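Since every read-out is calculated from the coordinates, none of them should be taken as a lab result. Small disclaimer: the values here were computed from a predicted structure and weren't measured. Positions of Cβ are generated from backbone atoms using ideal geometry, with glycine treated the same way; all protein chains shown enter the neighbour counts.
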Amino acid sequence: MKNLHLLFVCLILAFPLTAGETIPLKDITNPGYSFHVDGNELFLVNGHSIFVYDLDPVKLKFQIGQKGDGPSDFKYRPLLYVYPDSIVALDYTKTLWFSRKGELLKIKDYGDFADFNLGQEMRLLPVKNHYIRIVADHDLCTQSVYLLNDKFEQIALLHEGLFDWWPPSLRDPAKTENFKLISHSMDAEVSGDRVFIFDSHRGFFLKAFDNTGQLLNTVSHNSERCKRITDEYKTKAINFLLDSNRSDYYKKIPNEAFVFYTFYPPIESLRTAENFLFATTYIEKDQGHEIVVMDLTGQIVKRIYPLLPSFKYTKSLLAKDLYSFDQGKLYQLVQNKTTKHWELHISSIDY
């Protein structure tokens, strides 16, 4: 009996971080592409609304906005960014600032920019007392990151890169000859008074700027670049697409039309939390996805391989997987395959 008790204690000590916690979120029916945890609060998009939860215990505190033309409403499903003193949301036509209690503070309409047009996908984000304006151009297949002053006047072009748009608009999927299932990407993340830009067309490549546009450093981990896409990954990507909500549409595409790069793009997405950068790659190990953890100078601290059931093998380039890091924990929004209900998965993780 004593030995059994000792074995039980040893098992607890051996696996303190792996059990995790799963909590149903009954209010969630149509999650968007934004998912953030900050302290004891969870922020996510459901439909055209922002939902804010307490985490201990998990309960819905309030929601913001709906589909519509009201001051706090959104024309398209919004993207959500969380700052220490505000919630910032945008729907590609305007950026709205809310207090952390959900009160509307400010609106900036994109129509105020003389060169704005609906053929772009534009985002406007604050960085301290300045702003960054991210403009994605469908016709040119480029994305540009501009720095603006406190009057929304352009100061500098911080970076411009190519953008692989996905998915393409197919009038007749049965006649498709080339359907790329993995895309290069570039984007910008704001953390405090810094702007981090990654561009996978240039390898494992990042730039860091301060809020005035001063280039702090450039990081290039070139050894990350040449890793061949595995047949196993290709199979997962194709199966994921064919099991999606638009499976009837994608099943019309000939199997031989699905194409991949020879090598993985070095960075799939970039996140910031606390004083770390988290660069997710396409590499898998022991069923986990590789995430390269860096400090704010871009130096690699470690590599972690968490299980990411929220990871989507194919997705549009401005869509992000629904996971977030905060205070040594990994939070994910995952749809239960059996019940189809959405769940919050929480696990401890050493980064």
Q.
Tell me the label only: which of (i) 20.1; (ii) 22.1; (iii) 17.6 is mean projected area of the Cα convex hull in nm² as calculated from this structure?
A. (i)
Q. Sorted from fewest to most neighbouring beta carbons within 10 Å, what does the list Leu55, Leu322, Leu333 look like?
A. Leu55, Leu333, Leu322
Q: Determine, for Ser86, Ser200, Ser247, the number of other Cβ atoms within 10 Å of each Cβ, and report the residues in order from fewest to most.
A: Ser247, Ser86, Ser200
**Q.** Relative packing of peptides 175-185, 36-46 - highest average C-beta neighbours within 10 Å first
**A.** 36-46, 175-185
Q: Compute the whole-percent fraction of alpha carbon pairs in segment 63-162 spaced more than 21 Å apart.
A: 33
Q: Largest first and in whole Å, give the semi-axes of segment 171-241's equivalent ellipsoid, each being the square root of 5 times a Cα gyration tensor eigenvalue.
A: 34, 16, 10
Q: May I ask you to derive the relative contact order of segment 175-325, considering only C-alpha pairs under 8 Å and at least 6 residues apart, and to give it as an integer percent?
A: 21
(Q) Give me Rg/Rg_expected for segment 91-148, where Rg uses Cα atoms only and Rg_expected = 2.2 N^0.38 Å with N residues. (A) 1.21
Q) For segment 65-165, which GluC sites (Glu not before Pro) are in a loop by DSSP, counting at most 14 other Cβ atoms within 10 Å? A) Glu103, Glu153
Q) What pairs in Lys180/Lys329; Lys180/Lys227; Lys234/Lys302 have C-alpha atoms more than 29 Å from each other? A) Lys180/Lys329
Q) What is the magnitude of the charge dipole of segment 282-347 about its Cα centre, with +1 placed on the Cβ of each Lys and Arg, -1 on the Cβ of each Asp and Glu, and no other charges, expressed in debye to the nearest 20? A) 200
Q | the chain: relative contact order in percent, alpha carbon pairs under 8 Å with at least 6 residues between | A | 13
**Q.** Separation between Cα centres of segment 40-96 and segment 107-127, rounded to whole Å
**A.** 19
Q. Remind me, relative contact order of segment 121-229 in percent, using alpha carbon pairs under 8 angstrom and six or more residues apart?
A. 18
Q | Fewest-first sequence of Lys207, Lys302 by Cβ atoms within 10 Å of each Cβ | A | Lys302, Lys207
Q: Collect residues whose amide H, placed 1.01 Å from N in the peptide plane, falls under 5 Å from the amide H of Arg100; neighbours closer than 5 in sequence don't count.
A: Ile87
